[in-house]
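Have a look at the structure below, then the notes.
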Amino acid sequence: MTIGAAEDIRAMQLEDVQSFFRTYYHPSNASLAIGGDIEAERAFDLAEQYFGELPGGRRPARITAAAELTRESRLVLEDRVEMPRVYMAWHSPAMFGEGDADMDLAADLLANGKTSRLYRILVYEQRLALDVSAYQSSRELGSFFLLAATAAPGRSLTDITALIDTELQLLADKGPSAREMERAAAQAEAHFMYRLQTVGGFGGKSDQLNAYNVFTGSPAFFSEDLARYRGATADSVRAAVARYLPFDRRVLLSVVPRGQVALALPGSEPVSAS
C-alpha cells in the first residue's frame, strides 16, 4: 500500500526515520506560496526571516515507477453496507501527461451529472443503480481511473456492469458527441474558474500556484493547463478511452453486505480490509 503497512512501521529503526526526513523534508525539496493582502516585498522579507537560516539540503533524485495490469481481476469485499456496489479501476496517464485531460473529460461525460451517459441510463431510465460516479485520479507518477455504481434494490451488479461495459465500448468505438464534448469542456472550464475564487485552502489560488510550481516547475502553468482541456477533441477522448479502459486490464471490486457474497460479480475472490 502506498500509505505503508503496519508491519513496515513496526520494523522501522530510528535511523530509517531520520534518514527519510533528512532526504525529503528540507527547503530544497519544498515550495512555499504566500497569498492574500500582503505586499510582495514584505512577503519575501517574512519568508527570509522565518526560513532563511534553514540549510537547503540536497535535492533528492526524482522517483520513477511503473505499474500495469495484465488481466481483469475480480474481488469481493463483505462490509457493513445496505446495497451492493461495484468499483471499476484502471491504470491511467500521469498528471499532466498525454491523455490525462482526455480521461478527465471522459469521466465527466460518462458519469458526472444527471445528463451524463451512465446516470441517464443506469439511474434514470433503467433504474438499475441508485448512483454512479467516475473520475480520473491524477497523480505524479501514474494515475487511476475509477468508476463506481450502487445497485438499486433487487438489481444485480452483473446487469450494471454489463450496461457500463456496453457504454464504455460505444465510447471507445464512436467517441463522444459534439454536444457531450461541449458540455464536458464547459464543465472543466467552470472548475478552473471556481478554484480561482478563493485565495487559500485546498484548490484555492495559492494551492493551485504551488502545485503547478512543484509538478511542472512553473507557477504560471494555469493557461497551459486549461489549454489541455480546450485542445481535447472527440477523437482524442475516444482514443484515450480505447487505450486506457480495456476490459482485460482492470480491477472489479464488489462490495456486498456481510454474508451475501452471492451478490458479487461472478468469479470474484474474497479480500479483506484492515
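For the stretch 227-274, the fraction of 1.4 Å probe accessible surface lying on carbon and sulfur atoms is 54 percent. Using a probe of 1.4 angstrom and keeping all protein chains present, the accessible surface of the stretch 59-171 works out to 50 square angstrom per residue. Across the stretch 120-274, C-alpha contacts under 8 Å between residues 6 or more apart give a mean separation that, scaled by the residue count, equals a relative contact order of 20 percent.
From largest accessible area down, sort E53, E182, E125; use a 1.4 Å probe on the protein chains.
On the way: E53 175, E182 135, E125 105 Å².
Result of the area sort, largest leading: E53, E182, E125.
Tell me the relative contact order for the chain as a rounded percent, counting alpha carbon contacts under 8 Å between residues six or more apart. Result for the chain is 30 percent. A simple spin-label model places pseudo-atoms 7 Å from Cα toward Cβ; at A67 and D225 they are separated by 2.3 nm.
Which order do you get for E140, E167 if you rank them by accessible area with a 1.4 Å probe, largest at the top?
Values: E140 90, E167 25 Å².
Greatest to least solvent exposure: E140, E167.
Counting only protein heavy atoms and a probe of 1.4 Å, the accessible surface of the stretch 19-154 is 51% carbon and sulfur.
When the Cα positions of L209, T115, S236 are compared along the charge dipole of the chain, T115 comes out farthest toward the positive end, with charges on each C-beta of Lys, Arg, Asp and Glu. A Gaussian network model of the chain, with springs between Cα atoms under 10 Å, assigns the largest mean-square fluctuation among S156, S206, S19 to S19.
Farthest towards the positive end of the charge dipole of the chain, among the residues Q13, A220, A67, is the Cα of A67, using unit charges on the Cβ of Lys, Arg, Asp and Glu.
Just how large is the dipole of the chain about the Cα centre, in debye to the nearest 20, putting +1 at every Lys and Arg Cβ and -1 at every Asp and Glu Cβ? Display every interim value, and only then the final one.
Values: 28 positive and 36 negative charges, 134 e Å.
Result for the chain is approximately 640 debye, rounded to the nearest 20.
The value of relative contact order for the stretch 17-118, using C-alpha pairs under 8 Å at least six residues apart, is 21 percent. With protein chains left intact and a 1.4 Å probe, residues in the stretch 184-247 average 55 Å² of accessible area per residue.
Within a Cβ distance under 14 Å of A178, other residues only, what is the Lys/Arg minus Asp/Glu net charge? Walk me through the numbers on the way to the answer.
Working: positive: K174, R179, R183, R238; negative: E180, E182, D235.
Within the 14 Å Cβ shell, the charges total +1.
Over the chain, the ratio between the Cα radius of gyration and 2.2 N^0.38 Å evaluates to 1.20. Specify the inter-centroid distance of the stretch 224-255 and the stretch 83-131, based on alpha-carbon positions, in whole Å. Centre-to-centre distance over Cα atoms comes out at 10 Å.
Looking at the chain, what % of its DSSP beta bridges pair antiparallel, to the nearest 5? So the antiparallel bridges amount to about 70 percent of the total. Full extension of the chain segment joining V214 with A162 gains 14.6 nm, where the gain is 0.36 nm per residue of separation less the Cα-Cα distance.
The values are calculated or read from the model by the stated rules, or taken from the named source; none is laboratory data. All figures in this text were calculated on a predicted structure; none of them were measured in a lab. Backbone-built Cβ (ideal geometry, glycine too); neighbour counts: all protein chains shown. These area figures cover heavy atoms from the full protein model, side chains too; ligands, DNA and RNA do not enter into them. Shrake-Rupley method; radii C 1.70, N 1.55, O 1.52, S 1.80 Å.
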